[in-house]
Amino acid sequence: MASLRCSLVRVPQLIKPFVSRIQTRHIAQLSSTPIPPIKNEAVKNFSKNDQLDWDLLKASLIKFTDNGALDIPLVINGERIYGKGTSREINAQTNPAKLSQELATVTQATESDIQAAIAAAKEAKINWVKTPFADRAAIFLKAADLITNKYRYDVLAATMLGQGKNVYQAEIDSITELSDFFRFNVKYAKELYEVQPTESTTGVWNRAEYRPLEGFVYAVTPFNFTAIAANLIGAPALMGNTVVWKPSKYAALSNYLIYTILEEAGLPKGVINFVPGEPNMVTDTVLKDYEFAALHFTGSTKVFKGLYKKISDNIVLDTYRDFPRVVGETGGKNFHVIHPSAPLLHSALSTLRGAFEYQGQKCSATSIAFVPRSIWDDFKTIISESLATIQPTNTSSVDGLSGFSGPVIHEASFNKITAAIEQAKVDPELTIVTGGKYDKSLGLFIEPTIVETSNPDHEFLKTEFFGPLLTVSVYDDVDFEKVLEKVNVNSQYGLTGSIFAKDRDAIRLAEEKLRYAAGNFYINDKSTGAVVAQQWFGGARASGTNDKAGSGNLLSRFVSVRNIKENFLEITDFKYPSNYK
């Protein structure tokens, strides 16, 4: 692990942040600053012919697994703080596919550490707010290039090992989507700065300044997407904000790696402060601060509602200088509605992918499917026979790299999903169609499981399990419109959903009936896989604030606009013409 620590941990400390050279320069509107051409990063397929990619990935996996656990510190104002030799707790991050394999030891922040991180964010803001857009943008553009080149296989390996992803799921997450976020955010920021008042009268110049928020941003990031974690800290920081970052303890390895890469790209100390810690303590400490300006969150609906309440209560108590911005993406109970005219093979295999890619641990994962009775037997046969070829395995091991299905992330998730499977075995309204086996002797493995319900109002059609469990409701073909109405009110969520049909009238009806049932609505495609700049991502209802990550809409939440009017003419009389009548 020595070489890894040298390349990813120590080197960034030697890079002198260039912000000190520009302390006196103002964050002028540099909307005319040209930027490099921006396009989506190409996905590496890791086919059997891509031997070099496989070899480089294996080398990175070995770097993490054969040299002992990586010691991950807090990083506050650029200073690394290790728990060893102090009273701080240290948590272990293990491989969910191999519970005996310890990947990292992670120092846990104390309350005084969180207060220090807040102070560092405030201090860093003094210079960061003055840093020209071109310099801020350069940091994230360079970080994207480092991720897609120099550290590509290290980031892949860390995400695969720590978060239980197979190589393709890790590739589209931690490499392509992450770099897309960093690059396209620069493009969106430039476009936002260029939106200026359209009119100015003679002798007047009107302009708009997109100031960062007054205060600091608190980012609470999830385990399941390295890219989401990077965007939750990167989007506000790009716009001139400073950040206190609480990563998920189940993604500390990949998240710390991203932090060190940002340092190497030139991120000044204190702009982002990395503070793993006990969630309630960290949050309560942050939310008491007068200069708390925004929450950027991805996680469970329940946790988000709790944070929303705390912030709202504090607003009533005049705790804050401003009304904090609250930006959140939470849960989903995402649907596939299959019309009788749907292409059978395509809709069945798309449902398999949507439900069981990354073990259903995506907020957009297909959780429920409504299948017409006329095609159910064939649909069931296709998906069941395909699933029979999938055996959950350690997809981060050299022997299992080509596997489709890996582990669930932690024991709490394992217990929740397996309890549902056990319920399905005894509930008269539920039938296990395929799957249902599980084992945690080595890792947290659950077979992809499909359950059919005879009750169109069953709780399984409403509860988010966040794992490899798909519930199917079979309907009479003539009831298609009624099914759409049911889907619209089926659950509290409104994140993603799909309609599969060849009949354009059916597609039109679904699009209209399900207008608010999904923030990302798919036609003849699975409910997962939004691409930055192509499908802006987010949902409303209990699925979040729908601020659309992957678009410029999100960036507008982390600026506060000031309009400036400059007058070039001088008056010689206080009266207006109407005063002389």
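The values are calculated or read from the model by the stated rules, or taken from the named source; none is laboratory data. Everything numeric in this text was worked out from a predicted model, so none of it was measured. FYI the Cβ positions are ideal-geometry reconstructions off the backbone, even for glycines, and counts take in every protein chain you see.
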Conditions (1) buried (at least 24 other Cβ atoms within 10 Å of the Cβ); (2) more than 16 Å from the chain's Cα centre (by Cα); number of the one not met by residue 227: (2)
Looking at (1) assigned to a strand (DSSP E or B); (2) surrounded by fewer than 17 Cβ atoms within 10 Å (Cβ to Cβ); (3) within 31 Å of the chain's Cα centre (by Cα), find the lone condition where residue 441 falls short. (1)
Residue 173 being among the charged types (D, E, K, R), under 17 Å from residue 262 (Cα atoms) and either in contact with a helix residue (DSSP H, G or I) (Cβ under 6 Å, 6 or more places away or on another chain) or assigned by TED's automatic domain parsing to the domain that holds residue 36 (or both): no
Determine whether residue 402 is of a type outside the set (A, V, I, L, M), farther than 22 Å from residue 528 by Cα, modelled with pLDDT under 95 and surrounded by fewer than 24 Cβ atoms within 10 Å (Cβ to Cβ). no
Taking the stretch 485-512 and keeping only residues that are surrounded by fewer than 20 Cβ atoms within 10 Å (Cβ to Cβ), of a type outside the set (S, T, N, Q) and more than 17 Å from residue 371 (Cα to Cα), one is left with 489, 504, 505, 508, 511, 512
Among the candidates 312, 347, 341, single out the residue that is crowded, with 24+ Cβ neighbours inside 10 Å, modelled with pLDDT of 95 or more and out of contact with any Leu (no Cβ under 6 Å at 6 or more places or on another chain). 347
Out of curiosity, is residue 431 free of Cβ contacts under 8 Å to residues at least 24 places away in the same chain and either within 22 Å of residue 392 (Cα to Cα) or not in a loop (DSSP other than H, G, I, E, B) (or both)? yes
Return the pair list, or none, for Cβ contacts closer than 8 Å from residues in the stretch 346-363 that are over 15 Å from residue 378 (Cα atoms) and in contact (Cβ under 8 Å) with a residue 60 or more places away in the chain to residues that are small (Gly, Ala, Ser) and assigned to a helix (DSSP H, G or I), at least 6 apart or on different chains. 361/413
How about the stretch 98-137: which of its residues are more than 25 Å from the chain's Cα centre (by Cα), surrounded by fewer than 19 Cβ atoms within 10 Å (Cβ to Cβ) and assigned to a loop (DSSP other than H, G, I, E, B)? 129, 130, 132
Of the residues in the stretch 522-581, those that are part of a helix (DSSP H, G or I), under 30 Å from residue 219 (Cβ atoms) and without any contact (Cβ under 8 Å) to a residue 40 or more places away in the chain number 1
Can you find a residue that is in the same structural domain as residue 137 (by TED's automatic domain parsing), in contact with a helix residue (DSSP H, G or I) (Cβ under 9 Å, 6 or more places away or on another chain), surrounded by fewer than 19 Cβ atoms within 10 Å (Cβ to Cβ) and among the acidic types (Asp, Glu) anywhere in the stretch 85-97? no
Only one residue in 130, 165, 63, 122 is out of contact with any strand residue (DSSP E or B) (no Cβ under 7 Å at 6 or more places or on another chain), charged (D, E, K, R), under 23 Å from residue 241 (Cβ atoms) and touching a residue at least 60 places away in the same chain (Cβ under 8 Å). Which one? 130
What single numbered condition from (1) within 29 Å of residue 214 (Cβ to Cβ); (2) touching a residue at least 24 places away in the same chain (Cβ under 8 Å); (3) not assigned by TED's automatic domain parsing to the domain that holds residue 184 fails to hold for residue 498? (1)
One residue from 177, 191 being of a type in the set (Asp, Glu), in a helix (DSSP H, G or I), modelled with pLDDT of 95 or more and buried (at least 24 other Cβ atoms within 10 Å of the Cβ): 177
Determine whether the stretch 265-273 contains at least one residue that is among the β-branched types (Val, Ile, Thr) and under 20 Å from residue 230 (Cβ atoms). yes
